[in-house]
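All remarks here apply to the structure that follows.
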Amino acid sequence: HAKLLAAFPLQQVNIVRHLPHTLELGIQEKVSHVVWMYHDKAWLMDLTGTPFQELKPEEHATFIKEQRLPVITDMSPESPSTGALRIRPQALQGLITLAEGLNEAIGEPWKQITWTSAKPGETQITVDKGWKLYASLSGNTVEQQLNYLKTFFTNSIKNTSSLQYIDMRFGEKIFYKD
């Protein structure tokens, strides 16, 4: 049981013995929800905030493209390891919700999400066109921030070619620099 959990990315293993000579195995595989990057290394991460499988360098781009998982770049000073908690599950769920809602809210694809344990309530997203979005994972819910952002894009910003950043970390106020 423990050897199976240690050797493979499994969420759960159930072994039931039926006499006289039958074993019933129930296996549930871990599901990847994000790719967690730290320097030049990448891990698959589940919703608990724990990296469970390191990706080989040649697998990074292919896996990310085929699976279409959010890529979160960790700027923390300490190096991650497989099986060690990197981010609280609530914060990770906020990052995933933010990543999933961004395309609809801003109408532009995002390129990278940057997160650091030094400021666990904050995140930075780089959009494909180069400008940055600063968001908070505490205070207003991520859904509220996405609604504010959608309204902001509908009413205030028509052209993002000169946009440098949008900062949503201050409640209902949005700051930006053109």
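Residue-by-condition table, conditions (1) open to solvent by 30 Å² or more (accessible area, probe 1.4 Å); (2) β-branched (V, I, T); (3) at pLDDT 80 or above; (4) over 29 Å from Q144 (Cβ atoms):
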position	(1), (2), (3), (4)
G49	no, no, yes, no
L55	no, no, yes, yes
T62	yes, yes, no, yes
M75	yes, no, no, no
A84	yes, no, no, yes
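Counting just the residues of segment 118-137 that are open to solvent by less than 70 Å² (accessible area, probe 1.4 Å) and small (G, A, S), which one comes out modelled with the highest pLDDT?
A135
Within segment 152-163, can one find any residue that is in a helix (DSSP H, G or I) and exposed (fewer than 13 other Cβ atoms within 10 Å of the Cβ)? Reasoning before the result, please.
Keep residues of segment 152-163 that are in a helix (DSSP H, G or I), which gives 152-155.
Subset that is exposed (fewer than 13 other Cβ atoms within 10 Å of the Cβ): 154-155.
Among the residues of segment 152-163, at least one is in a helix (DSSP H, G or I) and exposed (fewer than 13 other Cβ atoms within 10 Å of the Cβ), which makes the answer yes.
Residues that are within 19 Å of T73 (Cα to Cα), at least 3 per element: which strands (runs of 3 or more DSSP E) completely within segment 11-56 meet that? Talk me through it step by step, then tell me what you get.
Values: elements: 22-29, 34-38, 41-45, 51-55.
Fully inside segment 11-56 and qualifying: 34-38, 41-45, 51-55.
The values are calculated or read from the model by the stated rules, or taken from the named source; none is laboratory data. Not measured: the values here are computed from a predicted model. Note that we place each Cβ from the backbone using ideal geometry, even for glycine, and neighbour counts take in every protein chain shown. Just the protein is used for accessible areas: all its heavy atoms, side chains included, with ligands, DNA and RNA removed. Shrake-Rupley method; radii C 1.70, N 1.55, O 1.52, S 1.80 Å.
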